[in-house]
Amino acid sequence: MTAIAGRFSDTRWTAPKAVGIFGIVVGAIAFWLALPPLAERTELLPIAVGIVAIAAGIWAWSRDERRIGGGAAMAGLMGILLGVAANQSSVENLDQVVVWSALFAATLRYATPLTYAAIGGLYCERAGVINVALEGMLLTGAYFGIFGAIETHSWAGKWAWVFGILCASVAGMLLAAIHAVWAIHFKVDQIISGTAINFLALGITGYLFINRYGDTGTPGDVPDYGIPDVHLHFLQDWYFIGPIFGQLNLMIWLSFVLLIATYIFVFRTPYGLRLRSVGEHPRAADTVGISVYKVRYIAVIASGAIAAMGGAYLSIGFVHSFNENMTAGTGFIGLAALVFGKWRPFPTYAAALLFGFSSALADRLPTAYGNQWGTLFQALPYLLTLIAVAGVIGRSIGPAAAGRPYVKQ
């Protein structure tokens, strides 16, 4: 506690970084003031608050804090634009869309498959293998997850979801093993290999789905033996917190465990150090006795298992059915979250939450404003990715050896 207190006592609140962070927070407040439950009906307030955020960003930028300063200026500008737009809407429409507890609960649901895909990609890319095949692994997990649950529920009963997840994980590992052999052993271009895996997964799952279930689709009783929700009855009556955390799917809670375990493993254990060394400088890792090929194979295959679990959540924990190409780019957004989060678990999860929030908002917008607004907000994750990789919020630079086949000498 003394060390923490000393750290805060040394903080200069007038430092450029602190001012930039203040600007980002103020920019968010500029928009929040125009939303329920406050719903201030004057455009001057978000404009005035947004100008303060922009000024803070410019001040931080002028003192070489460009990443935070640019983010604060953008937050202020977006706060003004969104705040003014919110004032053009009626309070009744805003009340239909902006129900914070429902939005945050939906955000967690939408962020979960992104999290599994992104964390799977983190292991793979930290080892130096680019994995654009996350979409295919997610889709494969979705099909084989529901297939395993349906085929075993006659004797496994309500525990059929366990076998569904196991089936999905094995299928994801097999698909990832193909990517690993092509990328590591045959030294095929990793982007091309991953793209081929995506098309392979799309074709295999589409064929198997039509061949097994035909026009009738998957059975309607999947919710009876799907991945269960965890009911925290002591939380359900809590204001705001209860509707969000009182009833979450088990896979959402497991994603929290996955994040913590990944951080500890990758950044706090010798095995994680080996993983990162192989992705940063494989020649040096090989010199000290680390098997580059072994580490990369394990990392790629593990990424397939983790991503496939996200697909299983989609089919037997969220939607409770399967349709051809049901992931619809979720794996690519998960990869975008990984890039946005700079290949670190918690920033990556923050990006997944941001993308999940845009999907949650897109679900609620058509009720009051029409389908066109929902479609527009579905594109927000891709826009944010372009902003991130363009360096406006800070350039994302991956592991140094990512995408480079290693040749042992």
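Some notes on this structure:
Conditions (1) β-branched (Val, Ile, Thr); (2) surrounded by 13 or more Cβ atoms within 10 Å (Cβ to Cβ), marked per residue:
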residue	(1), (2)
187	no, yes
204	yes, yes
251	no, yes
257	yes, no
265	no, yes
274	no, yes
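- So residue 307, is it small (Gly, Ala, Ser) and either touching a Ser or Thr at 6+ places or on another chain (Cβ under 6 Å) or surrounded by fewer than 19 Cβ atoms within 10 Å (Cβ to Cβ) (or both): no
- Residue count for the stretch 276-290 satisfying the condition of being over 19 Å from residue 176 (Cα atoms) and either part of a helix (DSSP H, G or I) or open to solvent by less than 60 Å² (accessible area, probe 1.4 Å) (or both): 10.
- Within the stretch 40-54, being open to solvent by 50 Å² or more (accessible area, probe 1.4 Å), touching a residue at least 24 places away in the same chain (Cβ under 8 Å) and assigned to a helix (DSSP H, G or I) holds for 45, 47, 51, 52.
- Flag for residue 310 being out of contact with any Lys or Arg (no Cβ under 7 Å at 6 or more places or on another chain), assigned to a helix (DSSP H, G or I) and not hydrophobic (A, V, I, L, M, F, W, C): yes
- No other residue among 220, 226, 246 is small (Gly, Ala, Ser) and more than 26 Å from the chain's Cα centre (by Cα) apart from 220.
Residue by residue, here is whether (1) on the phi < 0 side of the Ramachandran plot; (2) crowded, with 24+ Cβ neighbours inside 10 Å; (3) modelled with pLDDT under 95; (4) within 22 Å of the chain's Cα centre (by Cα) holds:
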{"position": "63", "(1), (2), (3), (4)": "yes, no, yes, no"}
{"position": "84", "(1), (2), (3), (4)": "yes, no, yes, no"}
{"position": "95", "(1), (2), (3), (4)": "yes, no, yes, no"}
{"position": "101", "(1), (2), (3), (4)": "yes, no, yes, yes"}
{"position": "112", "(1), (2), (3), (4)": "yes, yes, no, yes"}
{"position": "123", "(1), (2), (3), (4)": "yes, yes, no, yes"}
{"position": "129", "(1), (2), (3), (4)": "yes, yes, no, yes"}
{"position": "134", "(1), (2), (3), (4)": "yes, yes, no, yes"}
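- For the stretch 317-333, a tally of residues being closer than 23 Å to residue 247 by Cα, open to solvent by 40 Å² or more (accessible area, probe 1.4 Å) and in a helix (DSSP H, G or I) returns 1.
The values are calculated or read from the model by the stated rules, or taken from the named source; none is laboratory data. Values in this document were obtained by computation on a predicted structure and should not be read as measured data. Because the Cβ atoms are built from the backbone with ideal geometry, glycine has one as well, and the counts that use them run over all protein chains shown. When the accessible area is computed, the model is the full protein with side chains, heavy atoms only, and any ligands, DNA or RNA have been set aside. Shrake-Rupley method; radii C 1.70, N 1.55, O 1.52, S 1.80 Å.
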